[in-house]
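Structure first, commentary second.
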Amino acid sequence: MEEIKKSSVEVETLNDLADLTDYSLMNTLTCDPEATEDGIDFESRQVFSGHYVRVKPTPIKDPLYVAHSKNFFQELGFSDSLSQSVDFVSMFSGDMSNVPEPMKKFGWATGYALSIYGREYYAQCPFQTGNGYGDGRAISVLEAVIKGKRWEMQLKGGGRTPYCRGADGRAVLRSSVREFLAQEHMYALGIPTSRSLSLFTSKTQTVQRPWFSQGSYSKDPDRMITEAVAISTRVAPSFIRVGQVELFGRRARKDEHPKAMLELEKIVLHLIDREYSEVIDKNLSLEEKVLLLAVEFRTRLSSLVVNWVRVGYCQGNFNSDNCAAGGYTLDYGPFGFCDEFDPYYQPWTNGGQHFSFFNQDKAAEQNFHVFCTALQPLLGSNKKYLALLDEIRKGFDKVIQSKMGKMWADKLGLRIFDAQLYTELEILMVQTSVDYTIFFRELSELPDTIDPLKKSFYKDVTNDQAIQKRWEQWFIKWQALNCSSNNSGVNDSSAKSKDELSSQMKGVNPKYTLREWFLVPAYESAAQGDYSQLRELQEVMTNPYFEQSKDVQEKYYSLKPLEFFELAGVSHVSCSS
C-alpha cells in the first residue's frame with residue numbers, strides 16, 4: 001500500500017471526495033474469479049475463493065435525507081452542505097451510476113465465516129459449506145485517505161449481494177436510526193467503534209419485517225409490519241472481521257484450493273497494513289508479524305470489552321463475524337444499554353446467557369481463540385512459533401481480568417481494585433434493582449451519605465431496614481477506602497483532591513447512555529417524517545459525560561418507567577433490530 005500522505009483539503013463536493021480516493025483493498029487483494037466486471041451480481045451463490053466480490057449497490061427509490069453526523073463531518077473536513085447535495089445523496093443512497101472519476105461505479109462485498117462462542121458453523125450458509133456467508137446487505141463503496149487517515153465507507157442496506165442468502169439486502173429506518181445514533185454515541189463515550197456518516201430513507205419504498213405487536217410482551221416478533229427502507233453509511237479504517245480471517249484460515253487449514261494459503265497470508269498482511277501498521281514493523285518476518293498481530297489484537301479486544309462493561313453496553317450477539325479484527329465495536333443489531341443492573345442482561349431474546357452483559361469477556365476470549373486458530377497455518381510446523389501463539393491465546397483471560405479490575409477501581413474512584421468491596425456492591429445492586437448508569441454517576445459526586453444513591457434504586461427500600469443497613473455498611477467501607485486511596489490528609493488540599501477525584505470518576509461514569517426507551521420514540525417519529533427527536537438524541541448522546549440543561553436531565557437522566565419493563569421492543573429486541 002502506498003504511503004499515506006497528509007491532506008488538509010476541505011471537502012465541499014463529491015468531486016473533492018473523489019480526489020482522495022484510494023482503493024487499497026481492491027488494489028491489493030484478490031477478486032473472486034467468478035465475479036462480474038460491472039458488479040451486477042445479486043443472486044445468492046457460493047464464493048469459493050478470492051477476498052471480495054464486485055457488487056453494484058441497488059439504490060433506494062426517492063431518497064430522503066434524514067441525518068448526518070455533524071461531528072464526524074467536521075473531523076473529516078466535510079462541509080455540512082455536502083450531506084444534502086444531489087450527487088452525495090445519490091451515491092450514499094446507493095446510486096453510483098454518475099460518481100466522478102476516479103471513483104468506481106461499483107462497490108465490494110466480502111465473505112466471512114461464522115463461529116458462535118468458538119464453535120464453527122456451516123449450517124447458516126444455504127449451501128451447508130460456509131461458502132455463501134458474508135456481507136449480505138453491506139456494500140463498501142469507497143476507500144479514501146482523508147487528513148492522513150484511511151477510511152472505508154460502507155452502505156448498510158445497499159441491496160443484495162452474492163452473500164444475501166435469499167434476503168432482500170435492505171435495512172429499515174428503525175434499525176438504521178438505532179445504528180446511526182449508537183455509533184456516534186459510542187465514539188463520544190471514548191470507545192472504539194465504526195462511525196456514522198449519513199442516513200437516508202425512501203419516500204416510497206417499503207419492505208415487510210417481523211416485529212412486535214403494540215404492547216406485546218412476547219419474546220419473539222409476532223407479526224409482520226411494513227417499514228420504510230433506509231441506507232446508513234458506516235465508516236471505519238477497515239471492515240475486516242475475525243470471521244473474515246477465519247474463513248481464509250479454514251480454507252488454508254483444509255487446503256480447499258491451491259491458493260488458499262496465499263489468500264490467508266494476503267488478508268492477514270492487509271489487516272496489518274490497514275489496522276496495525278503503526279505498531280508492527282513491515283520489515284519483520286511473516287511469523288513475527290503474526291505473533292505481534294495476536295498480541296496487539298488481544299490488547300485492543302480486551303480493552304474494548306472492558307469499556308463496554310464500563311458504560312453498561314451489551315453487544316447481544318458477539319459471534320466471530322460481529323467482531324472487528326481492528327478491535328472496535330461493529331454491527332449494532334441486538335445491542336442494548338442496561339437500565340436495571342443485571343449481570344446476565346441480554347437485550348436479544350435469542351442471544352443466550354453466553355452473550356450476556358457479564359459474559360462478554362468470555363465471548364471475546366472465544367473470538368480471540370478463533371482468531372489465533374485462523375493464524376496458525378501461517379506458522380507452518382514451527383513448534384517455537386506455534387507454542388508462542390498458543391501462549392498468547394491462553395493469556396487472554398489474565399489480560400482482560402487485570403483490565404476489568406482496573407476499570408472497576410476507576411468506576412469506584414479507587415486507586416487499587418478491592419474485590420471484596422466490589423462483590424458486596426454487585427450483590428446489593430442486584431438485590432436493590434439499581435440503575436447502572438445513575439448509580440455510578442451519583443457515586444461520582446462523592447456524596448456524604450447513601451441518600452443521593454437512592455435516586456438510582458428501582459426498589460423502595462424505605463421499610464427494609466436490613467438492606468438499608470447493608471448499604472450503609474458498604475458505603476462506610478467505600479468512603480474509607482476512597483479516602484485512604486486518594487487523600488493525603490484532612491487539610492485544604494483534600495477538598496481539592498475530592499473535586500479532582502469526582503471529575504475523574506465522572507470521566508469514566510457517563511451521565512447519559514442510549515437506552516432503548518429513548519430510541520423507540522425517535523425511530524417511531526422518524527417513520528412519520530418527524531426527525532426532531534432523533535436530532536435531539538444525537539445532540540444529547542454525543543455529550544454523554546457532560547452536565548446538560550435541566551430539561552435534558554429530566555428527560556434523559558431518570559429511571560426507566562415501570563410500564564417499559566418486559567415490554568417487547570423496549571426491554572428486549574429481535575436480531576432484525
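For Ser433, the conditions (1) among the small types (Gly, Ala, Ser); (2) without any contact (Cβ under 8 Å) to a residue 60 or more places away in the chain; (3) surrounded by 14 or more Cβ atoms within 10 Å (Cβ to Cβ) are fulfilled apart from (2).
Would the stretch 535-549 turn up any residue that is basic (Lys, Arg) and either in contact with an Asp or Glu (Cβ under 7 Å, 6 or more places away or on another chain) or modelled with pLDDT of 95 or more (or both)?
The answer is yes, given that some residue of the stretch 535-549 is basic (Lys, Arg) and either in contact with an Asp or Glu (Cβ under 7 Å, 6 or more places away or on another chain) or modelled with pLDDT of 95 or more (or both).
Kindly establish whether Val47 is farther than 30 Å from Val177 by Cβ, crowded, with 16+ Cβ neighbours inside 10 Å and of a type in the set (Val, Ile, Thr). Yes; evaluated as a whole, the condition is true for this residue. So which of Ser285, Ser356 is within 23 Å of Ala252 (Cβ to Cβ), among the small types (Gly, Ala, Ser) and out of contact with any Leu (no Cβ under 9 Å at 6 or more places or on another chain)? Just a single option satisfies the conditions, and that option is Ser285. Restricting attention to the stretch 203-240, the residues being surrounded by fewer than 15 Cβ atoms within 10 Å (Cβ to Cβ) and in a strand (DSSP E or B) number 7. Listed by first and then second residue, the pairs linking a residue in the stretch 1-23 that is within 15 Å of Val99 (Cα to Cα) to a residue that is at pLDDT below 95 and among the hydroxyl-bearing types (Ser, Thr, Tyr), with Cβ atoms under 9 Å apart and 6 or more places separating them unless they lie on different chains, are Asp19/Ser7; Leu20/Ser7.
If we keep just the residues of the stretch 295-308 that are more than 11 Å from the chain's Cα centre (by Cα) and surrounded by 21 or more Cβ atoms within 10 Å (Cβ to Cβ), which is nearest to His270 (Cα to Cα)? Result: Phe297.
Return yes when Ser525 is modelled with pLDDT under 95 and either in contact with a helix residue (DSSP H, G or I) (Cβ under 8 Å, 6 or more places away or on another chain) or under 24 Å from Gly336 (Cβ atoms) (or both) and no when it is not. Spell out the reasoning first.
Values: modelled with pLDDT under 95: no; either in contact with a helix residue (DSSP H, G or I) (Cβ under 8 Å, 6 or more places away or on another chain) or under 24 Å from Gly336 (Cβ atoms) (or both): yes.
So Ser525 does not fit the description; no.
None of Asp390, Asp397, Asp435 is in the same structural domain as Ala363 (by TED's automatic domain parsing), touching a helix residue (DSSP H, G or I) at 6+ places or on another chain (Cβ under 8 Å) and under 22 Å from Tyr313 (Cα atoms) except Asp397. Evaluate the following for Gln346: is it in a loop (DSSP other than H, G, I, E, B), within 19 Å of Ser574 (Cα to Cα) and modelled with pLDDT of 95 or more? Yes, satisfied. Beta carbons closer than 6 Å, at least 6 apart along the sequence or on distinct chains, pair a first residue in the stretch 277-296 that is within 20 Å of Ser24 (Cβ to Cβ) with a second that is hydrophobic (A, V, I, L, M, F, W, C) and assigned to a loop (DSSP other than H, G, I, E, B) for Lys289/Ile280; Glu296/Val279. When the stretch 309-343 is limited to residues that are touching a Ser or Thr at 6+ places or on another chain (Cβ under 7 Å) and among the β-branched types (Val, Ile, Thr), the one that is surrounded by the fewest Cβ atoms within 10 Å (Cβ to Cβ) turns out to be Val311. Does Pro63 satisfy being in the same structural domain as Arg137 (by TED's automatic domain parsing), under 28 Å from Gln244 (Cα atoms), in contact with a strand residue (DSSP E or B) (Cβ under 8 Å, 6 or more places away or on another chain) and not β-branched (Val, Ile, Thr)? No, not satisfied. Residues in the stretch 161-177 that are farther than 20 Å from Trp108 by Cβ and part of a loop (DSSP other than H, G, I, E, B): 1 in all.
Residues in the stretch 557-577 that are of a type in the set (Val, Ile, Thr) and in a loop (DSSP other than H, G, I, E, B): 1 in all.
Among the residues of the stretch 433-457, those that are of a type in the set (A, V, I, L, M) and over 18 Å from Pro561 (Cβ atoms) comprise Leu443, Leu446, Ile450, Leu453. A count restricted to the stretch 241-281 and to residues that are in contact with a helix residue (DSSP H, G or I) (Cβ under 6 Å, 6 or more places away or on another chain), assigned to a loop (DSSP other than H, G, I, E, B) and closer than 30 Å to Ser198 by Cβ stands at 1. Phe72 meets each of the listed conditions (1) surrounded by fewer than 18 Cβ atoms within 10 Å (Cβ to Cβ); (2) part of a helix (DSSP H, G or I); (3) in contact (Cβ under 8 Å) with a residue 40 or more places away in the chain apart from (1). Hey, any hits in the stretch 247-261 for a residue that's modelled with pLDDT of 95 or more and within 22 Å of the chain's Cα centre (by Cα)? Yes, because at least one residue in the stretch 247-261 is modelled with pLDDT of 95 or more and within 22 Å of the chain's Cα centre (by Cα). Of all residues in the stretch 112-160, exactly one satisfies the criterion of being assigned to a strand (DSSP E or B), free of Cβ contacts under 8 Å to residues at least 60 places away in the same chain and aromatic (Phe, Trp, Tyr), namely Tyr121. Here Ser402 meets the list (1) surrounded by 15 or more Cβ atoms within 10 Å (Cβ to Cβ); (2) assigned by TED's automatic domain parsing to the domain that holds Ala363; (3) small (Gly, Ala, Ser) almost entirely, failing just condition (1). Of all residues in the stretch 368-414, those that are under 23 Å from the mean Cα position of the chain (by Cα) and closer than 30 Å to Ser444 by Cβ total 13.
For the stretch 210-230, check the following and say yes or no: at least one residue is basic (Lys, Arg), modelled with pLDDT under 95 and under 27 Å from Gly569 (Cα atoms).
So in the stretch 210-230, the residues basic (Lys, Arg) come out as 219, 223.
Applying the additional criterion that residues be modelled with pLDDT under 95 yields 219.
Right, trim to under 27 Å from Gly569 (Cα atoms) and you get 219.
For the stretch 210-230, residues basic (Lys, Arg), modelled with pLDDT under 95 and under 27 Å from Gly569 (Cα atoms): present.
The values are calculated or read from the model by the stated rules, or taken from the named source; none is laboratory data. Since we're looking at a predicted model, the values are computed, not measured. Cβ coordinates were reconstructed from backbone atoms using ideal geometry, including for glycine residues, and neighbour counts include every protein chain displayed.
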